[in-house]
Structure formats: C-alpha cells, structure tokens
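A short write-up of the structure that comes next.
Just so it is clear, none of the values below were taken in a lab; they were calculated from the coordinates. Everything numeric here is computed off the predicted structure, so don't read it as measured data. Cβ coordinates were reconstructed from backbone atoms using ideal geometry, including for glycine residues, and neighbour counts include every protein chain displayed.
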Amino acid sequence: MVRYELDELLAELDRRRHELLNVRLQLRRHALGATLTTLAFVGTATAGVWLSVWRQRRRQRLAVQTGWVRQALSRPTIPGKIVAAAASAVAAALVKKLLKRGVERLLEPVRTEAPMAAGD
C-alpha cells in the first residue's frame, strides 16, 4: 500500500515537472502576465534610450548657449577695463595703507607702564 502511494506521488511530481518546464503551456496559461512583463521590459528599455538621447541633446544645447554667453562676457569692454583698473587701484591703496600701519606698529617702541607708587 505504501509503495503504491509513493508510486502515485512520484508520478504526480513527474507530471508537474513536465508541465512546469513546458514553455508553450506556461505561455498559454499565463499569456496576460507574460505580455505585460514583455511590454514593461520593452517600455523601460525604450524610456532609458529616449532619456539618454534627450539628456545628451539638452547638454549640447546648454553647452552651446553657455559658450555664447562665456564668449560675450569674456570680451573686454572699455567700461569694464575702467572699472577693473579702478578696483585694482583701490585694492592696491588699501593694501599699502594696511601694510604701513602694520609696520608702524611693529616699529613703535614698546610702551612700559609707569612704576606704581608705594602707596597705591
């Protein structure tokens, strides 16, 4: 009796294994799931390629626009030269004044406090 039940159990496992590995049967049974999965994979791949191309084009456009702006701003203009020269002169004068004060403080004799009186 036990041997008969074991034989039936093994036959059922063998039948299920054959069904599981039968690709056509599984595609028929799960057609909707297989279709949706395939569409999801294709859609994800398409979206990835599209996003990559879109970002590359956007970077190229921004690089071109940035290049134009950089070129326009890098051209020296007369008012710009005047402002740069004035700022440079002010900075030089300020640095000179600060250095002069620093040197004067270093060269000043060290001040000593007057000795305190005995009664204080």
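Quick look at the numbers
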| quantity | calculated |
| --- | --- |
| Close pairs from the stretch 94-105: first surrounded by fewer than 10 Cβ atoms within 10 Å (Cβ to Cβ), partner outside any helix (DSSP H, G or I) and among the basic types (Lys, Arg), Cβ under 7 Å, at least 6 apart | none |
| Residue list for the stretch 23-61, restricted to those being more than 28 Å from the chain's Cα centre (by Cα) and β-branched (Val, Ile, Thr) | VAL23, THR35, THR37, THR38 |
| Test for LEU32: is it hydrophobic (A, V, I, L, M, F, W, C) and surrounded by 10 or more Cβ atoms within 10 Å (Cβ to Cβ) | no |
| From the options ALA34, ALA11, residue that is in a helix (DSSP H, G or I) and touching a helix residue (DSSP H, G or I) at 6+ places or on another chain (Cβ under 6 Å) | ALA34 |
| Exclusive hit being free of Cβ contacts under 8 Å to residues at least 40 places away in the same chain and either in contact with a helix residue (DSSP H, G or I) (Cβ under 9 Å, 6 or more places away or on another chain) or exposed (fewer than 10 other Cβ atoms within 10 Å of the Cβ) (or both), set GLN60, GLN65, GLN71 | GLN71 |
